[in-house]
1. When Lys and Arg each count +1 and Asp and Glu each count -1, what net charge do the other residues less than 11 Å away from Arg158, Cβ to Cβ, add up to?
2. When ligands, DNA and RNA are left out and all protein chains stay put, how many square angstrom of accessible area per residue does the chain have with a 1.4 Å probe?
3. From Cα pairs below 8 angstrom and at least 6 apart in sequence, can you work out the relative contact order of the stretch 1-112, rounded to a whole percent?
4. Any idea what Rg and Dmax come out to for the stretch 301-459 if you just take the C-alpha atoms, in Å?
5. Could you tell me what percent of the accessible area of the chain is made up of carbon and sulfur, with a 1.4 Å probe and every protein chain present?
6. Accessible area, 1.4 Å probe, largest first: how do Glu343, Glu354 sort?
7. Hey, how many Å between the Cα centroid of the stretch 204-248 and the Cα centroid of the stretch 1-49?
8. Checking the a/c ratio against 1.5 first, then a/b against b/c, what shape does the Cα gyration tensor give for the stretch 440-515?
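The values are calculated or read from the model by the stated rules, or taken from the named source; none is laboratory data. The structure displayed is predicted, hence computed values, not measured ones. When we count neighbours, we look across all protein chains shown, and the Cβ atoms used for this are built from the backbone with ideal geometry, even at glycine. Surface accessibility is based on the protein's heavy atoms, side chains included, excluding ligands, DNA and RNA. Shrake-Rupley method; radii C 1.70, N 1.55, O 1.52, S 1.80 Å.
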Amino acid sequence: MEIMSDDSIGTLAEEWAKNHLGENFQFREYQLNTIIQIIKYKLTGVKTQVMEAPCGSGKSTIAFIVCGVLWEYFGLKSYILVSDLSLFEQYEQDLKKYNLNWGRLKGKDNYICARNGQVFTNGECQIKGIGMPTLSDPQASKSKGFSCGPTCKYVIERRRAENSPVTIMTYQFWFIAMNYVKDICFAGCEDMAPFQKRDFIICDEAHKVPDLVQRHFSPRIDSDDIGFLFSLREIAEKLDYGQELPAIDSFKQVMKAFTLVEEPKDIMLCIKRYENLLGKYNEFQYWLRDVLSKKGSVERYLKYLNAGNTCRECHCKFSDFISLIEELGLDTIVLSASQDKSENYHISINCAFEHKMVKKYLHDKAPQELLMSATIGDCDIYKSMIGEEELDNFDFKAFTVPSTFDFSKSPIYFYPKFRLSYNEKAKNLPLVINEIINILNKHTNEKGIIQTGSYEFSKALYDNLTPTLRSRVLFYKDSKEKNEVITKYKNSINKILIGPSLIEGINFPNDECRFLIMMKVPYASLGDKLVQRKMNIIPGYYHNDVCQKITQGIGRIQRSKNDWGITYIMDSCFKDI
């Protein structure tokens, strides 16, 4: 492909923006130059681009224009990947704002079947095994008794997502489409997979990529979460399933074994044993769906269908992890296993070579990609974290979009006296809480957030506040309460939001947040075996990680050019960075 000049690419970008974003659209400062650079790197064959772009730079608009130009003028298709449903909804709103009829698709369980009110996975058509081609065809779907198919929201969005030149989806959905569906379900006939590789992918919130890959592809076992096995065993007995299912105690025996083993080969034996047990239940859940597909009404079996869905996902994750470890080596397994006072087991199984997981599951599935975030940090370290350390200066390009914000009204105050490290928190926590009370008394008529770092610190702070301050505080006890509490905070007048996980993924513009207190510097836990292994593998990982988190945390308070807020960092461990 002939190399185009910057001016020529800029003309195309301006033309596309005018035609699709409106006559009155104005590029923000640095935005057009950034778009030109991304498109030029794409067209010249750069494999991986990394863009650090601060809040306010308009990353979603940059993504839209880049993808729009690549399709309209060069016939190149794109995916835009987002880290969570909140960010997905922001992109979705922007698509509607600009009237861009591009694809956007969430996981099946975010759509409800109009016929039985269940998540789409358990919709009547799915139970009966009716495929997308049939459901989207009016005559074919009607002949199968599902005339609702062509008007089903999931079917409509699925078909649009498949056929659109630009599609927005979560990383999780893309991981499944590119790895499980394409590589496993359609082995030997990959062209039948509904979602194919595209010419370009844009990864938003890209600082999360290593963690997203690790969490998606690494197995977890928690004895509190195996209710699906009990449900499947129950329905197997009711339906007189001909093959004997392993007893639940067999799973518990393997859980106990995980807490006793240390050698990688012994850990792998436990993993394979657990996968084999899951496989028996997975075979049954397929049998169950086949049986239920022949029944007229299955509402009373929905609990068991949900259990089967969970079993299938768990088994797939274990099977894929076994293949990964066999490829990378037994020494890459990182096991954390414990048993609590209630005799419940908590087991996480990870791969230490997180960077190789990113390469395998993301980079190898994308011909070219742009990774963008406000908090990349040290780019050399990030390059190692995402498994691209072998790329040369041609195939790897990193650049930064300058900030246009005015920070003169947004000072950061650091309290250097009290460390809240593990060994010193008992002594210093009461002193830090006293300082926080003094700060809160200076912000009587303003809303603010306190990033505590742990539920333990949240409770200690709340318990020691004055009654007046306590009446202003909103805090959550677990992740389930978080969204509800955040909504209450947004609709309040002078409330204070307290929590351990308020560092990213939330937006508090203008008067929604005028002060922020970072109670604990968000270092990764040195007691975490995976953190320890990553520190040994990637020099500089530990400090780069905390720098990313601090920058993300402070970024909650100033969301636009004229926004402002005051930040207080209370933990003197900040001096160590």
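1. Here the count lands on +4.
2. With all protein chains present, the chain gives 46 Å² per residue.
3. Normalised by residue count, the contact order of the stretch 1-112 is 28 percent.
4. Rg then Dmax for the stretch 301-459, in Å: 23.4, 61.
5. C and S atoms contribute 48 percent here.
6. Result, largest first: Glu343, Glu354.
7. Taking the Cα centre of each part, the stretch 204-248 and the stretch 1-49 sit 45 Å apart.
8. Oblate, since a/c reaches 1.5 and b/c is not below a/b.
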